[in-house]
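For reference, the structure is listed below as structure tokens.
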Amino acid sequence: MPKPIRKAVLPVAGLGTRFLPATKAVPKEMLTIVDRPIIQYVVDEARAAGIEHIVFVTGRNKTVIADHFDRAYELEETLKRRNKEEALKLLETLRPNAGSTSFTRQQEPLGLGHAIWCARDIIGPEPFAILLPDMIIKSQTSCLKQMVDLYNDTGANIIAVEEVPEDQTHQYGIVELGDRISDRASKITGMVEKPAPGTAPSNLMITGRYILQPEIFDLLSRHEKGAGGEIQLTDSMLALMEDQDFASLRFEGRSYDCGSKAGFLSANIAYALEDTQLAEELLPLLHEMIKVPAAAAE
Ligand code: UTP
């Protein structure tokens, strides 16, 4: 059995420029999907995979993330006085245990690879998970849990992948596959960021969930700049692939890219429709809205 995956890094130091002005004072990760911030879904996914310690790599203006995962003393006392048992219970179940989160600052948004490198001392010499918090994965079983199961079977570095239409591969990081491991898993022989149209080695995009060995930190410490002048995680993963095995997992579920407006809004609709009572109120409104342009087009 390979070393267990106990820790996860959530990089939250990006500027979220695609959501300005909303993200001027509120971090992108705190925008809400129905009734909870995006980052709560990602922390829940990590905890459901057995993660014991979460490392947030933050930047300025992100202190509210630490507050969200802390005890809200005055609020909880007031809820107690008012006998709001259900709300109290909800806050309690969503809060990580004391001492199971760490916060470190990236200081400058030099790229995803640099953000991960900032967590090196807190992670130490053990394999760990990375969850990009602007990607929410809606699934029966936590996506990271599915990856941990594959990691326990193979001991490989694991990357979650999802099918995209062939004509969209140029927008994503795409993996090149080797031998099949199972129905949903294959060895990875290469990766390419945003391949030119028609040149993608597969139609499987990298989805923002990784399990990596700690040797990645040695490679990241070179601070080599890649695409866009940023320190890219993909470049160091490619270098690690020369010495270690990588496997892809086509997880069961689907992702919502909440870093884009369309992805964020569709996640809101998908999660809202899952709540029976909310769906009852929302569906007629959605039908009404959709009917308008259809009628106008006639
Ligand atoms: P993105 O580039 O998608 O996020 O990075 P962003 O920069 O916040 O958003 P836009 O493009 O300006 O709207 C993907 C993830 O990596 C983190 C981001 O917080 C996000 O979760 N990241 C990116 C860092 O933590 N540090 C960086 O230097 C870059």
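Of all residue pairs spaced 6 or more apart or on separate chains, those with beta-carbon atoms under 8 Å, a first member in region 102-118 that is touching a residue at least 24 places away in the same chain (Cβ under 8 Å) and polar (S, T, N, Q) and a second member that is more than 10 Å from the ligand (Cβ to nearest atom) and in a helix (DSSP H, G or I) are SER102/ILE122; THR104/ILE122. Restricting ILE54, ILE65 to those that are at pLDDT 95 or above, more than 14 Å from the chain's Cα centre (by Cα) and within 15 Å of the ligand (Cβ to nearest atom) reduces the list to ILE65. Residues in region 259-287 that are in contact (Cβ under 8 Å) with a residue 40 or more places away in the chain and more than 16 Å from the ligand (Cβ to nearest atom) were compared, and the one that is farthest from LYS194 (Cα to Cα) is LEU278.
Counting the residues of region 24-48 that are assigned to a loop (DSSP other than H, G, I, E, B) and either within 11 Å of the ligand (Cβ to nearest atom) or free of Cβ contacts under 8 Å to residues at least 12 places away in the same chain (or both) gives 3. Would you be able to say whether some residue in region 27-40 is on the phi > 0 side of the Ramachandran plot and of a type in the set (A, V, I, L, M)? Scanning region 27-40 turns up at least one residue that is on the phi > 0 side of the Ramachandran plot and of a type in the set (A, V, I, L, M). Of all residues assigned to region 10-23, none qualifies as being more than 15 Å from the ligand (Cβ to nearest atom), within 23 Å of GLN146 (Cβ to Cβ), of a type outside the set (A, V, I, L, M) and not in a loop (DSSP other than H, G, I, E, B).
Within the bounds of region 238-258, is there any residue that is in contact with a Pro (Cβ under 9 Å, 6 or more places away or on another chain) and in contact (Cβ under 8 Å) with a residue 24 or more places away in the chain? Yes; the residues of region 238-258 include at least one that is in contact with a Pro (Cβ under 9 Å, 6 or more places away or on another chain) and in contact (Cβ under 8 Å) with a residue 24 or more places away in the chain. With respect to the conditions (1) in a loop (DSSP other than H, G, I, E, B); (2) near the ligand (Cβ under 10 Å from one of its atoms); (3) under 30 Å from ASP149 (Cα atoms), LYS3 lacks only one, and its number is (2). Of all residues in region 226-237, those satisfying the criterion of being in contact with a helix residue (DSSP H, G or I) (Cβ under 9 Å, 6 or more places away or on another chain) and surrounded by fewer than 20 Cβ atoms within 10 Å (Cβ to Cβ) are GLY226, ALA227, GLU230, THR234.
The values are calculated or read from the model by the stated rules, or taken from the named source; none is laboratory data. What you are looking at is a predicted structure, and each value in this text was computed from that prediction instead of being measured. Note that each Cβ is placed from the backbone with ideal geometry, even for glycine, and that neighbours are counted across all protein chains shown.
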